[in-house]
1. Tell me, yes or no, whether segment 190-201 has at least one residue that is within 15 Å of the ligand (Cβ to nearest atom) and not assigned by TED's automatic domain parsing to the domain that holds Val371.
2. Quick one: Leu20 ticks every box in (1) away from the ligand (no atom under 16 Å from the Cβ); (2) outside the structural domain of Gly263 (by TED's automatic domain parsing); (3) of a type in the set (A, V, I, L, M) bar one, so which box is it?
3. Sort out for me the helices (runs of 4 or more DSSP H) sitting completely within segment 120-233 that have 3 or more residues that are modelled with pLDDT of 95 or more and under 19 Å from Thr273 (Cβ atoms).
4. I'm checking my understanding of the structure. Among residues of segment 140-186 that are over 16 Å from Met228 (Cβ atoms) and either among the polar types (S, T, N, Q) or in contact with a Pro (Cβ under 7 Å, 6 or more places away or on another chain) (or both), which one is farthest from the ligand (Cβ to nearest atom)?
5. Of everything in segment 240-252, what is outside any helix (DSSP H, G or I) and in contact with a strand residue (DSSP E or B) (Cβ under 8 Å, 6 or more places away or on another chain)? Give them in sequence order.
6. Out of Pro226, Pro237, which single residue is touching a strand residue (DSSP E or B) at 6+ places or on another chain (Cβ under 7 Å) and either within 27 Å of Arg410 (Cβ to Cβ) or in the same structural domain as Trp130 (by TED's automatic domain parsing) (or both)?
7. Quick check: anything in segment 299-314 within 15 Å of the ligand (Cβ to nearest atom), at pLDDT 95 or above and of a type in the set (Ser, Thr, Tyr)?
8. Are any residues in segment 111-135 among the polar types (S, T, N, Q) and either within 12 Å of the ligand (Cβ to nearest atom) or under 12 Å from Ile299 (Cα atoms) (or both), and if so, which ones?
Amino acid sequence: MNEIPNSIEARDRAYQMHPLVNLKAHETTGSLVIDRGEGVYVFDRDGKRYFEGLAGLWSVAVGFGEKRLAEAAKAQMEKLPYYHVFSHKTHGPSVDLAEKLIRLAPVPMSKVHFTSSGSEANDLVVKLCWYRSNALGKPEKKKIIGRVKGYHGVTIAAGSITGLARNHASFDLPIDRFLHTHCPDFDSLALPGESEAAFSKRMASELETLILEEGPQTVAAFFGEPVMGSGGVYVPPENYWQEIQAVLRKYDVLLVADEVITGFGRTGNMFGTETFGMQPDVMVVSKQIASSYMPIAAILMSDGFYRPIAEESDRLGVFGHGFTASGHPVATAVALENIRIIEERDLVGNCRARSPRFLAHLRELAAHPKVKVTRGIGLIGALELHPVGDVGRAGAAMAAAALEEGVIGRAVGDSFCLCPPLIITDSELDEMFALVAKALDRSDPAG
Ligand code: PMP
């Protein structure tokens with residue numbers, strides 16, 4: 001499209017600083033303007049249709065253009081567009097959603113606190129871990145362990161738990177007290193002949209070594225995505241979470257399950273915690289909770305996690321924390337309606353039913369000469385390409401070719417990630433993979 005002065009493209013380049021781009025290059029390359037969406041598709045301003053193979057940012061579970069969510073937002077806007085939950089005030093949608101989450105939680109949870117984003121939620125969980133350790137008279141127990149390639153957001157604490165160089169470099173992250181253990185990338189890190197179960201045992205023993213080196217009395221919590229998402233989609237190998245949890249229990253280290261991507265059906269169960277038999281003390285959810293139609297995240301806490309925090313606020317006289325938009329009525333109303341849709345249409349069941357076809361397509365692509373390995377579970381997966389030149393070149397070329405073919409995915413290093421809306425049908429899955437296969441044939445990292 002020829003750019004006209006004063007066009008959206010020109011004004012975007014002039015005024016907006018974008019995430020996850022080369023900012024300097026962006027000043028000349030600019031953005032693709034997405035104009036509208038419908039089901040699994042989005043359309044640019046020329047009317048070109050794109051298959052949204054990443055459901056926006058791993059999040060638009062019910063697909064684009066869902067009228068019920070627009071209506072829920074409008075109704076709440078008209079009734080009570082805003083109120084807060086500070087200082088003993090509340091409103092119906094925040095209470096309804098908190099109750100719903102407690103009822104849905106796969107392990108006993110006691111309290112919910114809302115934030116507007118996954119980063120804020122993880123940031124706050126770190127603060128709560130520190131507050132809780134002080135409450136328990138263990139002021140030393142403050143260190144947080146994340147994993148290489150783990151993604152938990154970009155604020156100072158959440159960005160420090162994240163284990164990706166691109167989110168650390170030149171930001172002076174991670175800050176002190178944040179440590180990282182290995183990524184459970186079986187395909188790359190397994191020793192010759194090592195079984196998945198043996199690999200998982202070794203990962204757990206590496207974690208134990210780290211905890212012992214640091215001193216167990218200094219380690220408060222371990223954060224993990226049940227399936228790593230933004231770092232490139234790494235599905236834990238057999239027994240991984242069982243082995244990791246045994247170490248955490250042994251040293252009284254809390255487990256925080258970051259379900260921001262896996263929550264609300266992505267792995268074929270409502271939560272990744274169920275898929276992998278996890279027993280977290282805290283769960284963080286966002287994205288699919290409202291299909292990203294509104295910004296909202298939630299922290300679910302067990303009673304054992306919450307109780308010392310309540311005691312400490314009693315001692316201090318107040319819980320000195322709060323976000324203006326915590327439990328925002330429109331965001332909570334939209335999330336409730338979105339969860340209703342997920343339940344009524346059994347989108348978790350749809351994920352389970354479509355998953356074998358999704359994984360079969362991925363396996364088929366694994367035979368392509370440009371593909372090194374594929375990974376996936378439920379309706380989330382990745383193809384990792386053989387590197388060509390610098391790391392990331394093959395992945396970027398693949399994402400560019402995919403866009404030309406009309407499918408949007410996410411390049412992470414040399415992996416190309418897919419995470420389509422949970423409403424996807426078999427024929428739409430076939431269509432998406434046909435486009436991906438064409439893109440793979442034509443992608444040219446040397447070009
Ligand atoms: N945790 C996980 C697992 C995520 O995938 C993300 C976002 N990709 C976040 C946290 C951060 O969420 P947000 O972008 O809403 O801050």
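1. If we filter segment 190-201 for residues that are within 15 Å of the ligand (Cβ to nearest atom), which is where we start, we get none.
No, segment 190-201 contains no residue that is within 15 Å of the ligand (Cβ to nearest atom) and not assigned by TED's automatic domain parsing to the domain that holds Val371.
2. (1)
3. Details: elements: 156-161, 186-189, 196-214.
Qualifying helices (runs of 4 or more DSSP H): 196-214.
4. Filtering first and then ranking leaves Ser170.
5. Initial filter on segment 240-252 (outside any helix (DSSP H, G or I)): 251-252.
Within segment 240-252, just Tyr251 meets the criteria.
6. Being touching a strand residue (DSSP E or B) at 6+ places or on another chain (Cβ under 7 Å) and either within 27 Å of Arg410 (Cβ to Cβ) or in the same structural domain as Trp130 (by TED's automatic domain parsing) (or both) holds for just one of Pro226, Pro237, which is Pro226.
7. Restricting attention to segment 299-314, the residues satisfying the condition of being within 15 Å of the ligand (Cβ to nearest atom) are 299-300.
Now drop any that are not at pLDDT 95 or above, which leaves 299-300.
Those still in the list that are of a type in the set (Ser, Thr, Tyr) too: none.
No: segment 299-314 contains no residue that is within 15 Å of the ligand (Cβ to nearest atom), at pLDDT 95 or above and of a type in the set (Ser, Thr, Tyr).
8. Pass one, segment 111-135, residues among the polar types (S, T, N, Q): 115-117, 119, 122, 133-134.
Within segment 111-135, Thr115, Ser116, Ser117, Ser119, Asn122 qualify.
The values are calculated or read from the model by the stated rules, or taken from the named source; none is laboratory data. Bear in mind that the values here come from a model prediction, so they are computed numbers and not experimental data. Positions of Cβ are generated from backbone atoms using ideal geometry, with glycine treated the same way; all protein chains shown enter the neighbour counts.
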